[in-house]
Amino acid sequence: MGKEKSFNKIESEGKNREQFSSRFGLLATAIGSAVGLGNIWRFPYIVGQYGGGAFLVVYLAMVALIGIPIMLVEFVIGREGRRDAINSFRKLAPNKPWFMSGVIGVLAAFFILSFYGVVAGWTLEYIRMSLINGFSGLGSEGMVNHFSVFISHPIKPVITQVLVMAATGIIVSTGVQQGVEKAAKILIPMLVVIMLILNVYAFMLPGGAAGFEFLFKPDFTKLTKEGVLAALGHAFFSLSLGMGIMITYGSYIPSSEKLTSTALNISLADTVLALLSGIAIFPAVFAFGIEPTSGPGLVFISLPNVFAKMSGGYIFGVMFFVLLFLASLTSTISLLEVVVAFLTDQFKVERRRAAVLSTLAITMVGIFASLANGPLNGVKIFGSNIFDFIDNTTANYFLPIAAFISVIYFGWFLDKNIINKQISNGEIEKYKGFINIFMFLIKFVVPIAIVVVFLFQIGQI
Ligand code: PFF
């Protein structure tokens, strides 16, 4: 089966869906969505908050046993449905409530983008500061101070957030994201190179060894039940699962492509980038006497210290923040795309109008998330400020619940022939053993694990 054939098939459905032109293009686009602030900003800060090595072990287990199988589930549903997240479910299971998984996913994308745009905006400030060499001579305390003064400012972080959202909206509405996604092919390898350089530097940092120990020497007494839930939530967040993004991308994958290796490669790349980020950051955290539990400021406080000290730090600093900004832009684009694809497919709203409306609405919510770090810090929802509430609720609840629904549908209700066809690409014999193990994971292990983590969290176990 060639790409031609699958393209004709899609066209004959009256839906002229685009497809990825090459395997590398497909991988780069999906990796571009998966790799972003989740790997470089969120991963280290929650590893720090939940105690280091033991959390990392749980996280890796979550990626392997839950994340990768779910990515494959989303790809199969998308490639079979050939529609956006919600309408793929509607097509495969008409008049059944399974599409609710897609609805929760679209909502999750909406809310995640609201605070994600704020953090992507912070990277703009860090590009500016790096360019004017503003961090040199600030010292550790000065860096902490700069970060907290900036994010709590009532106007500045709102301006950078609006800039990010405007860029995202323009790219999605004009459909030039193909160009941006092509750029991801260069961007992600560059990010890897710069992370590797920072990793080498981390090995040489005096006092950095404690950081390696923190990250790689698990101390299970530090693991909490909130940590286990956070590990699950972050696996979804980082792999872009549970919000229909991989269903939407799956709908663009040619029939000839092997979904299993695609899912494995993307997950591997995403995890390697998170680890590289941890290795770059934790030695610096310890070397410069920063608290690993500092929260969302961790990367913004620790790395400028490194850049201020290392030779060539000016250029590395600028490059790092530019790359981080661009990596977050490929993710904001894919988040907005989820919402826009839904509005255009569902309500037949014109693409440009859908992009403008959703960008405006998400930016409005995001402004509250931004202000939550400053003037609105006192406004609490269940004990957290608005920013933390949106961050944690979407990752820890929306994404696992949406994924849970699709996994139950896939494991227990979706026609087995569809699964066999999509996973084996016609080579059923070769994939038989794999499909059996995979189905066991999807029918039992994944849903039970999600339920157990929830019960554990609410104190029922
Ligand atoms: N996976 C992205 C990250 O780790 O930064 C965040 C993300 C992007 C999540 C796009 C979901 C998504 F649809």
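The values are calculated or read from the model by the stated rules, or taken from the named source; none is laboratory data. This structure is a prediction, so every number in the text was calculated from the model and none was measured. Cβ atoms come from the backbone with ideal geometry, glycine included; neighbour counts cover every protein chain shown.
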Problem - Among the residues listed as A54, A28, the single one being within 18 Å of the chain's Cα centre (by Cα) and under 27 Å from L276 (Cα atoms) - result: A28
Completion exercise
Among helices (runs of 4 or more DSSP H) completely within segment 142-221, the ones holding 3 or more residues that are farther than 30 Å from A369 by Cβ are 177-204, 209-216
Problem - Residue list for segment 303-334, filter: farther than 19 Å from M143 by Cα and among the aliphatic types (A, V, I, L, M) - result: L323, L326, A327, L329, I333
Handout entry: Residues that are among the β-branched types (V, I, T) and either loosely packed, with under 13 Cβ neighbours inside 10 Å or closer than 19 Å to I247 by Cα (or both), drawn from segment 409-450
Key = I418, I419, I423, I437, I442, V446, I448
Problem - Where a residue in segment 25-37 is under 11 Å from S334 (Cα atoms) and in contact (Cβ under 8 Å) with a residue 60 or more places away in the chain and its partner, wherever it lies, is assigned to a loop (DSSP other than H, G, I, E, B) and more than 11 Å from the ligand (Cβ to nearest atom), with Cβ under 8 Å and at least six apart - result: T29/F20
Practice task
Show the residue pairs that are 6+ apart or on different chains and have beta-carbon atoms under 7 Å apart, the first residue being within segment 102-114 and hydroxyl-bearing (S, T, Y), the second being away from the ligand (no atom under 11 Å from the Cβ) and in a helix (DSSP H, G or I).
Solution key: S114/I362; S114/V365; S114/G366; S114/A369; S114/I390
Completion exercise
Among the residues of segment 327-364, the number that are in contact with a helix residue (DSSP H, G or I) (Cβ under 9 Å, 6 or more places away or on another chain) and away from the ligand (no atom under 16 Å from the Cβ) is 16
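Each row is one residue, and each column tells you yes or no for (1) polar (S, T, N, Q); (2) at pLDDT 95 or above; (3) crowded, with 22+ Cβ neighbours inside 10 Å; (4) over 26 Å from the mean Cα position of the chain (by Cα).
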position: L113; (1), (2), (3), (4): no, yes, yes, no
position: G134; (1), (2), (3), (4): no, no, no, yes
position: G139; (1), (2), (3), (4): no, no, no, yes
position: P157; (1), (2), (3), (4): no, yes, yes, no
position: A166; (1), (2), (3), (4): no, yes, no, no
position: M204; (1), (2), (3), (4): no, no, no, yes
Exercise for the section: Restrict the check to segment 360-382 and report whether at least one residue is closer than 30 Å to M165 by Cβ, among the charged types (D, E, K, R) and crowded, with 17+ Cβ neighbours inside 10 Å. Expected result: no
Completion exercise
Subset of segment 84-98, residues in contact with a Lys or Arg (Cβ under 9 Å, 6 or more places away or on another chain) and surrounded by 24 or more Cβ atoms within 10 Å (Cβ to Cβ), comes to S88, F89
Problem - Set I301, I253, I247: member being within 23 Å of the chain's Cα centre (by Cα), aliphatic (A, V, I, L, M) and within 13 Å of the ligand (Cβ to nearest atom) - result: I247
Practice task
Scan segment 229-240 and give yes if some residue there is assigned to a helix (DSSP H, G or I) and away from the ligand (no atom under 16 Å from the Cβ), otherwise no.
Solution key: yes
Exercise for the section: Select from segment 25-48 the residues that are more than 10 Å from the ligand (Cβ to nearest atom) and within 18 Å of I301 (Cα to Cα) and write down the one among them that is surrounded by the fewest Cβ atoms within 10 Å (Cβ to Cβ). Expected result: Y45
Exercise for the section: Determine whether N425 is touching a residue at least 40 places away in the same chain (Cβ under 8 Å) and more than 27 Å from the chain's Cα centre (by Cα). Expected result: yes
Problem - Residues located in segment 53-77, provided they are of a type outside the set (A, V, I, L, M, F, W, C), over 13 Å from S267 (Cα atoms) and crowded, with 23+ Cβ neighbours inside 10 Å - result: E74
Practice task
Would you mind stating whether L276 is aliphatic (A, V, I, L, M), surrounded by fewer than 21 Cβ atoms within 10 Å (Cβ to Cβ) and either more than 15 Å from A395 (Cα to Cα) or within 14 Å of the ligand (Cβ to nearest atom) (or both)?
Solution key: yes
